[in-house]
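I'd like to ask you about the structure that follows.
The values are calculated or read from the model by the stated rules, or taken from the named source; none is laboratory data. Computed from a prediction, not measured in an experiment: that's the story for all the values here. Cβ: placed from backbone, ideal geometry, glycine included. Neighbour counts: every protein chain shown. Accessible surface is based on the protein model in full, side chains and every heavy atom, while ligands, DNA and RNA are left aside. Shrake-Rupley method; radii C 1.70, N 1.55, O 1.52, S 1.80 Å.
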Amino acid sequence: MFHGRFLEKRREVKAVVRKENRIVRHEMRGGKGDVYMYHILPQEEMMGHGRLFARIVLPAGSSIGRHTHEGDTEPYYILRGNGIFTDADGSRVPVGPGDICTIACGESHAIENTGEEDLEMIALVLFEA
Ligand code: MN
């Protein structure tokens, strides 16, 4: 039967739609509180170009501590909430929805939620070419 063969074939390939999975990180990179990670792609599906593609949620008062990206970079795309992005030179910049926070390869950054709602963002770690 066509229908049966179709189902059989579907089982051979990886699912193309999957549910998000929340991972809790405590005091991430020396930051405060818990941070929730929702990985969009595992590293093995990033074709060798990067190591992280995720939605990240920082509850009020939490932060990701300052850390350096050796050999890679990580733009943050802020979806909602308000916070402070600490740039490579240490400057502290208020950020909110629609802001894109970038650093050059080899530089450092940090982010903290200084608002009263969740701070939510997409992060992408790309390897230096
Ligand atoms: Mn980072």
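If you scan the stretch 47-66, which residues turn out to be more than 14 Å from the chain's Cα centre (by Cα), over 22 Å from ALA104 (Cβ atoms) and either within 16 Å of the ligand (Cβ to nearest atom) or modelled with pLDDT under 95 (or both)?
SER62
Something else: Restricting to the stretch 12-42, count the residues that are surrounded by 14 or more Cβ atoms within 10 Å (Cβ to Cβ) and either without any contact (Cβ under 8 Å) to a residue 60 or more places away in the chain or closer than 24 Å to PHE127 by Cβ (or both). Step through it out loud before you land on a result.
Going through the stretch 12-42, the residues surrounded by 14 or more Cβ atoms within 10 Å (Cβ to Cβ) turn out to be 25, 27-29, 31-41.
From what's left, either without any contact (Cβ under 8 Å) to a residue 60 or more places away in the chain or closer than 24 Å to PHE127 by Cβ (or both): 25, 27-29, 31, 33-41.
The number of residues fulfilling the criteria is 14.
Out of GLU112, GLU117, GLU44, which single residue is acidic (Asp, Glu), part of a loop (DSSP other than H, G, I, E, B) and either within 12 Å of the ligand (Cβ to nearest atom) or more than 12 Å from the chain's Cα centre (by Cα) (or both)?
GLU117
Any idea which residue in the stretch 67-99 is nearest to ILE111 (Cα to Cα), counting only those that are acidic (Asp, Glu) and surrounded by 14 or more Cβ atoms within 10 Å (Cβ to Cβ)?
If we filter the stretch 67-99 for residues that are acidic (Asp, Glu), which is where we start, we get 70, 72, 74, 87, 89, 99.
Next, from what is left, pick out any that are surrounded by 14 or more Cβ atoms within 10 Å (Cβ to Cβ): 72, 74, 87, 99.
Values: ASP72: 17, GLU74: 12, ASP87: 9, ASP99: 13 Å.
Checked the stretch 67-99; the qualifying residue nearest to ILE111 (Cα to Cα) is ASP87.
What number goes with the only condition from (1) open to solvent by 30 Å² or more (accessible area, probe 1.4 Å); (2) touching a residue at least 24 places away in the same chain (Cβ under 8 Å); (3) not in a strand (DSSP E or B) that ILE103 does not pass?
Among (1) open to solvent by 30 Å² or more (accessible area, probe 1.4 Å); (2) touching a residue at least 24 places away in the same chain (Cβ under 8 Å); (3) not in a strand (DSSP E or B), the lone unmet condition for ILE103 is (1).
Residues in the stretch 47-58 that are open to solvent by less than 30 Å² (accessible area, probe 1.4 Å) and either in a loop (DSSP other than H, G, I, E, B) or over 22 Å from ALA15 (Cα atoms) (or both): how many?
Residues of the stretch 47-58 open to solvent by less than 30 Å² (accessible area, probe 1.4 Å): 50, 52, 54, 56-58.
Cutting the leftovers down to either in a loop (DSSP other than H, G, I, E, B) or over 22 Å from ALA15 (Cα atoms) (or both) gives us 56-58.
Within the stretch 47-58, residues that are open to solvent by less than 30 Å² (accessible area, probe 1.4 Å) and either in a loop (DSSP other than H, G, I, E, B) or over 22 Å from ALA15 (Cα atoms) (or both) number 3.
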